[in-house]
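Read-outs throughout are calculated quantities, based only on the coordinates presented, and are distinct from any laboratory measurement. Since the model is a prediction, treat every value here as computed from it, not as a measurement. Virtual Cβ from ideal backbone geometry, glycine too; neighbours counted across all protein chains shown.
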Amino acid sequence: MNHSHSTLSRSPASSGSTKTSARQGGLSGWLAAQLPKLVMAPTFVIIFVCIYGYIGWTFLLSLTGSRILPVWKFVGFQQYEKLFENERWMVSLQNLVIFAVLFIALCLLIGMVLAILLDQKIRGEGFIRSIYLYPMAISFIVTGTAWKWLLNPSLGLEKLMHDWGFESFTFDWLVNPDMVVYTLVIAAVWQSSGFVMALFIAGLRGVDDEMIKAARLDGASLPTIYRRIVLPSLKPVFFSCVVILAHIAIKSFDLVAALTGGGPGYASDLPANFMYAHAFTRGQMGLGAASAMVMLGGVLAILIPYLYSELRGKRHG
Amino acid sequence: MNRNIMRILARSGFSLLVVLILVFCLFPFYYAIITSFKSSSELFQASYWVNQLHFDNYQHILGQETFIHSLFNSVLVSTLVVGLSLLLGLTASYALGRFEFRGRSTVLMVILAVSMFPQVAVLSGLFEVIRMLGLYNNPFGLVISYMLFTLPFTVWILTTFMQQLPKELEEAAIVDGATPWMTLVRVMMPLLWPALVTTGMLAFIAAWNEFLFALTFTLTDDQRTVPVAIALISGASQYELPWGIIMAASVLVTLPLVIMVLFFQRRIVSGLTAGAVKG
């Protein structure tokens with residue numbers, strides 16, 4: 001099958017469906033008319049009831065004083081007040097901002113550069129592309145462990161540099177509370193930039209060849225073509241990438257658990273680690289639930305404008 | 001003349017960049033692999049190739065009964081998740097992709113939004129329900145919880161693919177008197193299998209690598225999945241991790257997935273772009 005990307009990327013809510021012909025009368029007619037809903041029901045119920053139901057549960061929990069077990073004694077928004085007075089939470093929020101901004105920016109930069117490089121019809125493109133893409137299959141746990149080994153001051157990169165003769169080389173980010181959050185960025189970028197590249201390549205392939213040819217005929221240089229034609233048409237891919245990467249950043253938990261364990265101290269905690277620690281190991285269920293709701297709010301703040309623009313784009317398109 | 005030199009410079013700059021990023025991509029995993037083949041005395045000598053293959057680490061990890069249990073659990077959970085997600089996803093996307101009904105785009109948006117929510121937002125509620133169902137510390141509890149996150153993107157990708165198939169085929173089947181179920185199984189399925197392979201693989205990777213739920217919903221070593229098992233391997237003291245064994249375990253659980261991704265690279269990319277890129 002030949003999936004050209006312009007058709008491939010049409011989103012599901014657009015046209016192209018068959019109207020059910022439910023003109024036969026009686027039960028079978030009714031069945032035929034209701035079939036789509038019946039068929040969809042199990043999936044929809046699972047997703048809707050469970051996820052939205054559990055979120056409701058978490059919200060209720062965040063309004064209670066629950067500690068080790070859920071206790072339905074409501075205390076209003078006290079837990080939220082306590083949350084923002086909690087130093088560890090503020091550290092994890094700050095870490096998230098640093099981590100998310102750098103992670104998204106670097107992934108986009110590397111991904112875009114790689115995609116443009118690979119779009120030059122160079123030899124062995126498929127092979128190189130696979131190599132850039134393979135970290136995607138690796139779990140954050142394994143990524144975290146491998147980088148922990150690599151960045152360990154006495155074992156990995158630093159020792160390597162010493163063996164090469166650079167005696168004064170020091171690289172102690174993993175145990176330095178001020179720098180440890182950047183080790184998370186390095187490992188996460190390593191894992192995700194190949195995926196961003198894949199999305200950009202797909203976007204580049206969707207750019208109209210005729211327009212580029214026309215621009216060439218008019219004597220435009222390659223950088224100009226990229227700046228004026230190619231990059232502007234990549235805007236939707238760009239936005240999708242930002243949303244996906246932001247979502248990966250906010251829910252990062254495994255990477256921290258494997259690479260730094262949140263340490264030294266809690267210097268490299270991210271909100272998800274804060275939530276897990278308080279809800280499940282420190283017996284502060286209400287506080288944990290409140291932090292989960294704040295994180296959800298963050299995701300919605302990104303997601304709602306995105307979905308809104310998607311829907312609007314569809315109506316006008 | 002000058003232009004030629006410039007061009008050669010640009011070319012070599014390009015190649016240098018490609019090679020640099022290749023090294024950045026390959027080195028960590030390469031280093032993990034050679035570490036896994038070192039004996040414990042060689043472990044702390046930095047070297048960039050293997051002088052002598054030592055299988056001690058692999059023997060050790062494969063001799064551990066709990067690790068074998070974890071592997072088995074991971075295979076069981078991932079396979080079930082893929083099977084169930086595809087079955088439910090297929091029927092749902094058939095309805096969403098092929099029939100017009102009121103509220104269809106709302107349903108799609110609700111489903112898409114779900115796949116973006118942070119897992120911790122449902123963690124407490126899910127924990128209570130799984131305990132209530134008696135599925136705590138049980139791989140089947142994991143299957144249920146993973147489905148919540150694999151189903152949305154399965155439905156989304158399959159719906160996109162479903163809409164690209166020509167309508168005429170299906171109409172012909174309906175004219176010939178085929179029931180919707182028969183149309184789905186006999187007409188649509190053979191055309192959909194590339195999409196099924198893609199989504200199945202993505203669901204498999206997601207389930208195989210999942211950590212937060214697996215950590216929260218299991219208690220004992222024999223019920224764990226491999227990511228948790230690897231994360232919890234520890235040495236005699238906290239500062240003395242058995243690196244060789246950890247790396248051997250990491251390589252063992254990663255290699256099948258890496259091979260799969262390399263093999264099906266094109267399919268995965270087209271599957272990913274189906275949901276994320278708009279032309």
Show that you can apply the helix-only estimate: for the protein assembly as shown, add -39,500 (n - 2.57) for every DSSP H stretch of four or more residues, divide by all residues, and state [θ] at 222 nm to the nearest 500. -22000 deg cm²/dmol
Chain A, dipole about Cα centre (Lys/Arg Cβ +1, Asp/Glu Cβ -1), debye to the nearest 20: 1360 debye
Going by Cα centres, the range B:169-198 and the range A:248-271 are how many Å apart? 46 Å
Measure off 7 Å from each Cα along the Cα-to-Cβ vector at A:S28 and B:V19, then give the distance between these two points in nanometres to one decimal. 7.2 nm
Work out Dmax and Rg for the range B:112-159 from the C-alpha atoms and quote the Rg first, both in angstrom. 11.9, 34
Which one, A:F195, B:F37, A:P223, is farthest towards the positive end of the dipole of the protein assembly as shown when Lys and Arg carry +1 and Asp and Glu -1 on their Cβ? A:P223
Comparing B:G200, B:G103, B:G125, which has the greatest mean-square fluctuation in the GNM of chain B with Cα pairs linked when under 10 Å apart? B:G103
The convex hull of the Cα atoms of the range A:181-317, divided by residue count, gives a volume in Å³ per residue of 129 Å³
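Within 10 Å of each Cβ of A:124-136, how many other protein chain Cβ atoms are there on average?
So the per-residue partner count for this stretch is 5.
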Projected onto the charge dipole of the range B:16-167 (+1 at Lys/Arg Cβ, -1 at Asp/Glu Cβ, origin at the Cα centre), which of B:S74, B:I61, B:S105 gives the Cα projection farthest towards the positive end? B:S105
Quick calc, chain B, dipole around Cα centre from Cβ unit charges on Lys, Arg (+) and Asp, Glu (-), nearest 20 debye, gives 1080 debye
Hull shadow area, averaged, the range B:171-232 [alpha-carbon convex hull, nm²]: 6.2 nm²
Based on the alpha carbon coordinates of the range A:78-316, what radius of gyration and maximum Cα-Cα distance (Dmax) apply, in Å? 21.2, 69
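If you stretched the chain out fully between A:S309 and A:F127, how much longer would it get, using 0.36 nm times the residue separation minus the C-alpha to C-alpha distance?
Full extension from A:S309 to A:F127 adds 61.9 nm.
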Averaged over B:86-96, how many beta carbons belonging to a partner chain fall within 10 Å of each residue's beta carbon? 5
Amide H of A:T64 versus every other amide H placed in the peptide plane: which residues, excluding those fewer than 5 positions away on the same chain, fall under 5 Å? A:V75
What percent do you get for the relative contact order of the range A:62-111 when only Cα pairs under 8 Å and 6+ apart count? 22 percent
On a C-alpha basis, how far is the centre of the range B:50-118 from the centre of the range A:108-149 in Å? Whole number, if you could? 22 Å
With +1 on each Lys and Arg Cβ and -1 on each Asp and Glu Cβ, how big is the dipole of the protein assembly as shown about its Cα centre, in debye rounded to the nearest 20? 1940 debye
What is the set of long-range amide H partners of B:F99 at a cut-off below 5 Å, with H atoms built 1.01 Å from backbone N? A:T18
Counting other Cβ atoms within 10 Å, keep those with at most 10, restrict to DSSP loop, and tell me which chymotrypsin sites (Phe, Trp or Tyr not before Pro) in the range B:99-203 are left. none
Relative contact order of chain A, pairs being alpha-carbon contacts under 8 Å that are 6 or more residues apart, as %: 27 percent
By the mean-Cβ-within-10 Å protection proxy, highest first, B:241-250, A:62-71 rank as B:241-250, A:62-71
Please compute, for peptide B:97-110, the average count of beta-carbon atoms on other protein chains lying within 10 Å of each residue's beta-carbon. 5
Once phi for every residue in the range B:218-231 is put through the Karplus expression 6.51 cos²θ - 1.76 cosθ + 1.60 (θ = phi - 60°), the whole-Hz ³J(HN,Hα) values, with Gly and Pro written as x, are 10, 10, 9, 4, 7, 9, 7, 9, 5, x, 5, 4, 5, 5
Most fluctuating of A:Q34, A:Q120, A:Q79 in the GNM of chain A (C-alpha, under 10 Å) is A:Q34
Of A:F99, B:A229, A:T143, which is farthest on the positive side of the dipole of the protein assembly as shown, counting Cα position, with +1 on Lys and Arg Cβ, -1 on Asp and Glu Cβ, and the Cα centre as origin? A:F99
When the expected Rg is taken as 2.2 N^0.38 Å, what fraction or multiple of it is the alpha-carbon Rg of the range A:92-174? 1.42
The protein assembly as shown -> Rg/Rh from Cα coords, Kirkwood Rh, value 0.98
So what is log10(I(q)/I(0)) for chain B at q = 0.08 1/Å, when the Debye sum runs over its Cα atoms only? -0.49
So for the range A:69-175, averaging the separation of alpha carbon pairs under 8 Å that are six or more residues apart and normalising by length, what relative contact order in percent results? 12 percent
Sites removed, the longest contiguous part of chain B containing no DSSP-loop GluC sites (Glu not before Pro) with at most 14 other Cβ within 10 Å is B:101-239
